[in-house]
Amino acid sequence: MRAEVQNTVDQISKSLELLAQRLDVETAQHRLEEFNARVEDPNLWDDAEAAQKLMRDRQSLVDAIGTYEGIKQDLADNVELIELGEMEEDTEVVADAEAALLKLAEKAAQKELEALLDGEADGNDTFLEINAGAGGTESCDWANMLARMYVRWAERKGYKVELQAESAGDEAGIKSATYKISGHNAYGWLKSESGVHRLVRIFPFDSAAKRHTSFTSVKVYPVVDDNIEIEVNPSDIRIDTYRSSGAGGQHVNTTDSAVRITHHPTGIVVTSSEKSQHQNRDIAMKALKSRLYQLELDKRSALVNEAHESAGDAGWGNQIRSYVLQPYQMVKDLRTNYETSDTKGVLDGDLDGLMGATLALAVSGKSRAEAQGS
């Protein structure tokens, strides 16, 4: 077997190892039998909501087992074909099997990424909050670029994007914006984006054409399901109403009225802009509960805490990722050391590689310092 083909086989095998780990393959069939027994319970649909969850969980397990077994079998079949073809000197059979392995490697890599999205709230919709940091107009412009990047990314995924609130910059860009992004695994994908994003470029509004560094913070938190109980004491919040406006994109809804809710114990502030004050209050309250739920998730997971530790002041020393446009082209994630020179692609929403590397970091168990080699 040629060295390149063996590398492909090794790559698929590594993906299978991760899939087996996430599936807990040794207990998967036993868990499926338990699901099947519960499905046959004649009283199952007495609680429709619980029954639907059970059916979803069962189907998820069935799909995961099928994916793992299918890739494992396809790998074995194609390796066997290559060995037989080489023995019989049938180059056509070998070439077909090698091509099939390349396609299988792509499928396995994609399924590997999807398998990483198994956290408690990974399948939920998400809120994405962007705030310009140190740098004035430059950072407001950078915040606007990031907002465009995430909207483009969401469009590539087929997600629905709704602008909840936006504050325009004094001269250009935006001071802040909050989006609700809806779609399967929206939170799971975007949770790794929480932190400070640093941009180095020649600022277009600088007549001296000097390089500038700008910072913008991104915070991501899941939209909580209705069945998740989050209690908010009315005496702990202040509700303000005001009017605001912002420009929406092709797939971004925007209106010009807003509600702001401040949660005094945590200092969390959420806003919403919809068609009616009633809608605003409801959406903002859901956003607040999502933020409080995120705090609880942070407490449970040291890895999530690490991902969010730099989401404080948007300035030097807190960044999770650097985007360098001058004097060279490079986007580098400081947690994983994943980098790419395709800055245009990234700013146009090609983020899966960066996100996937951070998701894999969570599975590897390495700390941010270890990932950086320090």
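The values are calculated or read from the model by the stated rules, or taken from the named source; none is laboratory data. Quantities reported herein were computed from a predicted structural model and do not represent experimental measurements. In this analysis, Cβ positions are derived from the backbone assuming ideal geometry, glycine residues included, and neighbour counts consider all displayed protein chains. Note: accessible area is taken over every heavy atom of the protein model, side chains too, but ligands, DNA and RNA are not part of it. Shrake-Rupley method; radii C 1.70, N 1.55, O 1.52, S 1.80 Å.
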Item to complete: Report yes if E138 is crowded, with 22+ Cβ neighbours inside 10 Å, within 16 Å of the chain's Cα centre (by Cα) and closer than 25 Å to Y328 by Cβ, otherwise no.
Response: no
Discussion item. Name the residue that is nearest to Y293 (Cα to Cα), counting only residues in segment 99-113 that are touching a residue at least 60 places away in the same chain (Cβ under 8 Å) and surrounded by fewer than 18 Cβ atoms within 10 Å (Cβ to Cβ).
Written reply: A109
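Within segment 93-112, does at least one residue satisfy the condition of being part of a helix (DSSP H, G or I) and β-branched (V, I, T)?
Looking for residues that are part of a helix (DSSP H, G or I) and β-branched (V, I, T), one finds at least one in segment 93-112, hence yes.
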Worksheet item: Which residues, counting only those in segment 342-360, are under 19 Å from N144 (Cβ atoms), assigned to a loop (DSSP other than H, G, I, E, B) and either among the charged types (D, E, K, R) or open to solvent by 10 Å² or more (accessible area, probe 1.4 Å) (or both)?
Response: D348, D350
Worksheet item: If you go through segment 50-62 one residue at a time, do you hit one that is farther than 30 Å from A105 by Cα, among the acidic types (D, E), modelled with pLDDT under 95 and part of a helix (DSSP H, G or I)?
Response: no
Discussion item. Given (1) under 30 Å from the mean Cα position of the chain (by Cα); (2) surrounded by 12 or more Cβ atoms within 10 Å (Cβ to Cβ), identify the lone condition not met by L81.
Written reply: (1)
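Take L146 and decide whether it is among the hydrophobic types (A, V, I, L, M, F, W, C), touching a residue at least 40 places away in the same chain (Cβ under 8 Å), touching a Leu at 6+ places or on another chain (Cβ under 9 Å) and surrounded by fewer than 22 Cβ atoms within 10 Å (Cβ to Cβ). Explain how you work it out, then say what you get.
On the way: among the hydrophobic types (A, V, I, L, M, F, W, C): yes; touching a residue at least 40 places away in the same chain (Cβ under 8 Å): yes; touching a Leu at 6+ places or on another chain (Cβ under 9 Å): yes; surrounded by fewer than 22 Cβ atoms within 10 Å (Cβ to Cβ): no.
Answer is no for this residue.
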Worksheet entry | Candidate set from segment 158-179 (those that are of a type outside the set (F, W, Y), in contact with a strand residue (DSSP E or B) (Cβ under 9 Å, 6 or more places away or on another chain) and without any contact (Cβ under 8 Å) to a residue 60 or more places away in the chain); member that is surrounded by the fewest Cβ atoms within 10 Å (Cβ to Cβ) | K175
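So, in segment 292-338, of the ones that are modelled with pLDDT under 70 and over 30 Å from I237 (Cα atoms), which residue ends up most open to solvent (accessible area, probe 1.4 Å)? Break it down stepwise before answering.
Within segment 292-338, the first condition is being modelled with pLDDT under 70, and the residues that meet it are 297-318.
Still in the list and also over 30 Å from I237 (Cα atoms): 316-317.
Values: W316: 171, G317: 68 Å².
The extreme case among them is W316.
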Worksheet entry | Residues located in segment 19-57, provided they are within 20 Å of H184 (Cβ to Cβ), surrounded by 14 or more Cβ atoms within 10 Å (Cβ to Cβ) and within 24 Å of the chain's Cα centre (by Cα) | L19, R22, L23
Worksheet, complete the sentence: For segment 193-225 the number of residues that are surrounded by 16 or more Cβ atoms within 10 Å (Cβ to Cβ), more than 17 Å from L325 (Cα to Cα) and either in contact with a Pro (Cβ under 7 Å, 6 or more places away or on another chain) or modelled with pLDDT under 90 (or both) is 4
Discussion item. If I go through segment 157-193 residue by residue, how many of them are within 29 Å of R335 (Cα to Cα) and of a type in the set (G, A, S)?
Written reply: 9
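Would a scan of segment 66-87 turn up a residue that is part of a loop (DSSP other than H, G, I, E, B) and either modelled with pLDDT under 95 or under 24 Å from G356 (Cβ atoms) (or both)? Working first, answer last.
Here is the first cut: in segment 66-87, the residues part of a loop (DSSP other than H, G, I, E, B) are none.
No, segment 66-87 contains no residue that is part of a loop (DSSP other than H, G, I, E, B) and either modelled with pLDDT under 95 or under 24 Å from G356 (Cβ atoms) (or both).
With respect to G158, is the statement that it is on the phi > 0 side of the Ramachandran plot and over 18 Å from the mean Cα position of the chain (by Cα) true? Spell out how you get there, then give the answer.
On the way: on the phi > 0 side of the Ramachandran plot: yes; over 18 Å from the mean Cα position of the chain (by Cα): no.
So G158 does not fit the description; no.
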